[in-house]
Amino acid sequence: IANQSSKMSNIKKPTRNSNGVTTTSRTNGGGGSSTRGVCTCLSGFIFGVSLTVLSMSMSSSTTSILGAAGYFDVSNFNPTTLDDAANSKMIDSSAANASSTVLDDNDSLSTTAPVVTDSSSTTTAPAEDKSSSRSSVIANKNTNKYDWPGVPEEKLGVPLVKIGHNFVDNAREILLKHWDDFLAVYAARPDKVNLCGIRINHAYALWITVKTLKPTAIIESGVNAGQSTYFMRNASANAKIYAIDPEDKPICDQGKRWVDPTKQGFYYTGKKDFKDLQDINWYAKIMSGEIQPNSTLVFLDDHLSVFQRYSTFLQLGFRHIVLEDNYKIKEGATTGDKNGFTMKQMFHRVDQDTEFLFNQLISYTEFPPIVPPIMAKDNDSPRKKAGGFMVAADENTDIMAPLFRPDLDEQDKVRYEEMCKRFGIDPAMKDKDSYMQLMNYNQICYMELRPMSPYLAKKWKKAVSQG
């Protein structure tokens, strides 16, 4: 992980565009170049300090801010319908038996993240204005040989934003490399339905992230019944996992929480032990050597604003983030999901906040779904207002090209049908359970933050150590 930056980008001399904005030409891993504004770390530091002060003033009333139930308000939740299932996709879940864990004893947990080189990828420099014209297209290896309506661009204010290059560009190849292992782990998952948690599209994304980045520590904010913990533990035998959730037991009547059976799982859960991610003394853990920020992965599935926690990540050096509930505009399971501060919602507009965040990221990519929505053409389930599910009628201009095209490619069709057979899923998705397993998708994304200036980081650490 520590070497991701040098593998993915080579920062060159800053220049100014016609609007007087500082920009830099960057050579991306795919061989092309793009132009993107770069904010100084000083502005990030000032922003971080201001938000830290804000968070300190809010910490005394955490319960009232998060709601009586914790991270979200479940007072009107009804898990008996598909629509409510979409509306309640809050915290990862499962019910389970620890004996189903499949550990890889040969996991190598170096902090160097292998990045598959894609010599065919090209990048065209984006226009300097903020118009909606398609001018900054970024090639994506997952698109393979088939056209797709969703065209990722390295600019704000467009349906599908992508910044730089990272391992997600090679998601298909990475998943196929671990295909048999992933299928075995998914087949043994603790909760076969997982009504209020991740299903196959997000499970594979989390799986290949941990397999590829090989983090030494994982901070999981939003655990519920533990399904995501299960997938991450099975992707890495040795990573420390810090599981955070305000509830004592899962919602949705999913039974017992799956608990990490290894000695590398640390829980801040339930009314007795819960601490919000921002209230845990990560600085002390860093200084003691318990965790290393550069090789730590933060997995957010708590329906709280990632942007409001940016200052915490910046100051502590947590740079590798996976956001699970990356809702589109006006979609979301909670009021907080719909307030415009998921990454997907922020990047759809152009303002000072979005420009700041856009320029502080080394890379940002949304994981592709496994198959296209057209595979559900025989299912007549209506679109859910809360989002979280694809439907056959989707225009697909705002999602990445799927990993497999069983609708067009015979080999992909065979692979898809074999997968469905193994999981007891109807490939045509005529029944509700099959549809929910395959079409549940919420633009789960990976992002890498720029690190704070070493000088400012040193000043901040000194200030913290002095109280």
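The values are calculated or read from the model by the stated rules, or taken from the named source; none is laboratory data. If you're wondering where the values come from, they're calculated on a predicted model, not measured in any experiment. For neighbour counting, all protein chains shown are included, and Cβ atoms are generated from backbone atoms with ideal geometry for every residue, glycine included. Keep in mind that these areas ignore ligands, DNA and RNA; they rest on the heavy atoms of the full protein, side chains included. Shrake-Rupley method; radii C 1.70, N 1.55, O 1.52, S 1.80 Å.
Return the residues of the stretch 326-339 that are touching a Lys or Arg at 6+ places or on another chain (Cβ under 8 Å) and open to solvent by 10 Å² or more (accessible area, probe 1.4 Å); say none if nothing qualifies. Talk me through it step by step, then tell me what you get.
Pass one, the stretch 326-339, residues touching a Lys or Arg at 6+ places or on another chain (Cβ under 8 Å): 326-333, 338.
Hits for the stretch 326-339 are LYS328, ILE329, LYS330, GLU331, ALA333, LYS338.
Of these, PRO406, PRO372, PRO402, which one is modelled with pLDDT of 95 or more, in contact with a Lys or Arg (Cβ under 7 Å, 6 or more places away or on another chain) and buried (at least 23 other Cβ atoms within 10 Å of the Cβ)?
That would be PRO372, the only listed residue that is modelled with pLDDT of 95 or more, in contact with a Lys or Arg (Cβ under 7 Å, 6 or more places away or on another chain) and buried (at least 23 other Cβ atoms within 10 Å of the Cβ).
Restricting attention to the stretch 283-320, and to residues there that are on the phi > 0 side of the Ramachandran plot and in contact with a Ser or Thr (Cβ under 9 Å, 6 or more places away or on another chain), which single residue is modelled with the lowest pLDDT? Don't jump to the end; show me each part of the working.
The initial filter retains those residues of the stretch 283-320 that are on the phi > 0 side of the Ramachandran plot, namely 289, 303, 317.
Then drop every residue that is not in contact with a Ser or Thr (Cβ under 9 Å, 6 or more places away or on another chain), which leaves 303, 317.
Working: HIS303: 88, GLY317: 93.
Filtering the stretch 283-320 for residues that are on the phi > 0 side of the Ramachandran plot and in contact with a Ser or Thr (Cβ under 9 Å, 6 or more places away or on another chain), the one modelled with the lowest pLDDT comes out as HIS303.
Taking the condition among the charged types (D, E, K, R), open to solvent by 10 Å² or more (accessible area, probe 1.4 Å) and more than 13 Å from the chain's Cα centre (by Cα), does LYS344 pass?
no
Collect the residues in the stretch 205-247 that are over 22 Å from TRP179 (Cβ atoms) and of a type in the set (Phe, Trp, Tyr), keeping them in residue-number order.
TYR242
Identify, please: which residue in the stretch 359-386 is in a loop (DSSP other than H, G, I, E, B) and out of contact with any helix residue (DSSP H, G or I) (no Cβ under 7 Å at 6 or more places or on another chain) and is, among those, farthest from LEU408 (Cα to Cα)?
Among those residues, the one meeting the criterion is LYS385.
Does the stretch 352-363 contain any residue that is open to solvent by less than 30 Å² (accessible area, probe 1.4 Å) and among the hydroxyl-bearing types (Ser, Thr, Tyr)?
So the first thing to find is which residues in the stretch 352-363 are open to solvent by less than 30 Å² (accessible area, probe 1.4 Å), and the list is 354, 356-363.
From the residues that got through so far, the ones that are among the hydroxyl-bearing types (Ser, Thr, Tyr) too are 354, 363.
There is at least one residue in the stretch 352-363 that is open to solvent by less than 30 Å² (accessible area, probe 1.4 Å) and among the hydroxyl-bearing types (Ser, Thr, Tyr).
Taking the condition of being in contact (Cβ under 8 Å) with a residue 40 or more places away in the chain and assigned to a helix (DSSP H, G or I), how many residues in the stretch 145-178 meet it?
Residues that pass the stated criteria total 9.
Taking VAL464 as meeting all but one of (1) open to solvent by 30 Å² or more (accessible area, probe 1.4 Å); (2) touching a helix residue (DSSP H, G or I) at 6+ places or on another chain (Cβ under 8 Å); (3) free of Cβ contacts under 8 Å to residues at least 60 places away in the same chain; (4) of a type in the set (Val, Ile, Thr), write down the number of the exception.
That leaves (3) as the condition not met.
Among the residues of the stretch 269-277, is any without any contact (Cβ under 8 Å) to a residue 40 or more places away in the chain, under 21 Å from LEU316 (Cα atoms) and among the charged types (D, E, K, R)?
Within the stretch 269-277, one or more residues are without any contact (Cβ under 8 Å) to a residue 40 or more places away in the chain, under 21 Å from LEU316 (Cα atoms) and among the charged types (D, E, K, R).
Has the stretch 432-447 got at least one residue that is open to solvent by 20 Å² or more (accessible area, probe 1.4 Å) and part of a loop (DSSP other than H, G, I, E, B)?
no
I'm trying to understand the selection: among the residues of the stretch 260-285, which are in a helix (DSSP H, G or I), hydrophobic (A, V, I, L, M, F, W, C) and open to solvent by less than 30 Å² (accessible area, probe 1.4 Å)?
Within the stretch 260-285, LEU277, TRP282 meet the criteria.
Among the residues of the stretch 286-305 satisfying the criterion of being assigned to a loop (DSSP other than H, G, I, E, B) and open to solvent by 10 Å² or more (accessible area, probe 1.4 Å), which is nearest to ALA333 (Cα to Cα)?
It comes out as HIS303.
How many of the residues making up the stretch 380-400 are under 19 Å from ASP325 (Cα atoms), in contact with a strand residue (DSSP E or B) (Cβ under 8 Å, 6 or more places away or on another chain) and small (Gly, Ala, Ser)?
Here the count works out to 1.
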